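Chemist: I have a structure here, written as structure tokens, and I will follow up with some questions on it.
Rule-based calculations on the coordinates, nothing more; no lab input. Every value quoted in this text rests on a predicted model; they were computed, and no experiment measured them. FYI the Cβ positions are ideal-geometry reconstructions off the backbone, even for glycines, and counts take in every protein chain you see.
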Amino acid sequence: MSIKQTLLNRSNHQCELCGATESLNVMEVTPSNGTAEQAILVCQTCQDQIANPSHMDVNHWRCLNDCMWSPEPAVQVIAFRLLTILRTEGWAQDLLEIMYLEDETRAWAEAGLFEEEEDTTPTKDSNGALLQEGDNVTLIKDLVVKGANFTAKRGTLVKNIHLTDNPLHIEGKVNGTQIVLVAAFLKKA
Ligand SMILES: [Zn+2]
């Protein structure tokens, strides 16, 4: 029996995530050994959304509320990963908290979490020198600090900087005030 036939039987000819009955395809749940136990049957809608997590229709995934209780570990794994992506939605976070996974299933789910866009762009100063956590820098131009009502003068030393999520920005203390600085206006000291 083909994997697809096995899954059609297992799922009763339904998408194992949302229950749709049209355009069903086999999706391997990576990392997988290629068996039916490590695959699920999904409809085109689910498959497209999983392939393109930045364009998710949050409401479509309300179906996770049901399928997360599937007895199939492969379905639980996908539900867990989707809920993890959607966890900024309160309901998804709530479901994640009550979701139960066997240790083995959880390890599988975590091993293949859909990659969130990782920003590995390094932070660089005006000369292209790599800036690191804790570095000291100087300002290469006068900087008006909005909100704090002072101008940080060119040449001001900023000690012990912090990197931020944005490679173009760092945080540092100027005049005792923690501010965000544009890396391109700094020089490594
Ligand atoms: Zn579906």
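Chemist: Could you give the length gained on full extension between residue 98 and residue 154, defined as 0.36 nm per residue of separation minus the Cα-Cα distance, in nm?
Modeler: 14.8 nm
Chemist: Quote the convex hull volume per residue of the chain, based on C-alpha atoms, as a whole number of Å³.
Modeler: 165
Chemist: Just how far, in whole angstrom, is region 13-43 from region 49-123 if you go by their alpha carbon centroids?
Modeler: Region 49-123 and region 13-43 have Cα centres separated by 15 Å.
Chemist: Once you place label points 7 Å from the Cα toward the Cβ at residue 110 and residue 144, how far apart are they in nm?
Modeler: The answer from the label model is 4.9 nm.
Chemist: Another question, then. Bin all alpha-carbon pair distances of region 137-188 at 10 Å intervals from 0 and give each bin's fraction as a whole percent.
Modeler: Per 10 Å bin, starting at zero, the Cα-Cα P(r) for region 137-188 comes out as 27, 63, 10 percent.
Chemist: Still on this structure, please answer the following. Based on the Cβ-Cβ distance of residue 130 and residue 13, what FRET efficiency does E = 1/(1 + (r/R0)^6) give at R0 = 45 Å, to the nearest 0.05?
Modeler: For R0 = 45 Å, the calculated efficiency reads 0.20.
Chemist: Sequence gap at least 6, Cα distance under 8 Å: using those rules, report the relative contact order of the chain to the nearest whole percent.
Modeler: About 13 percent, as a whole number.
Chemist: How do the peptides 167-175, 39-47 rank, highest first, by the average count of neighbouring beta carbon atoms within 10 Å per residue?
Modeler: So the order, starting with the most tightly packed, is 39-47, 167-175.
Chemist: Here's a follow-up. Please report 110, 104, 16, 89 as a ranked list, fewest other C-beta atoms within 10 angstrom at the top and most at the bottom.
Modeler: Listed from fewest to most nearby Cβ atoms, that is 104, 110, 89, 16.
Chemist: Name every cysteine in the chain that ends up alone, with no second cysteine's Cβ under 4.7 Å, or say none.
Modeler: 46, 67
Chemist: Show that you can apply the helix-only estimate: for the chain, add -39,500 (n - 2.57) for every DSSP H stretch of four or more residues, divide by all residues, and state [θ] at 222 nm to the nearest 500.
Modeler: Roughly -7500 deg cm²/dmol at 222 nm, from the helical runs in the chain.
Chemist: Exposed loop sites here are chymotrypsin sites (Phe, Trp or Tyr not before Pro) in DSSP loop states with at most 16 other C-beta atoms within 10 Å. What is the longest stretch of the chain lacking them?
Modeler: 115-189
Chemist: Determine which lysines satisfy two conditions relative to residue 153: a Cα distance under 22 Å, and not lying fewer than 8 residues away in the same chain.
Modeler: Filter leaves 124, 141, 173, 187, 188.
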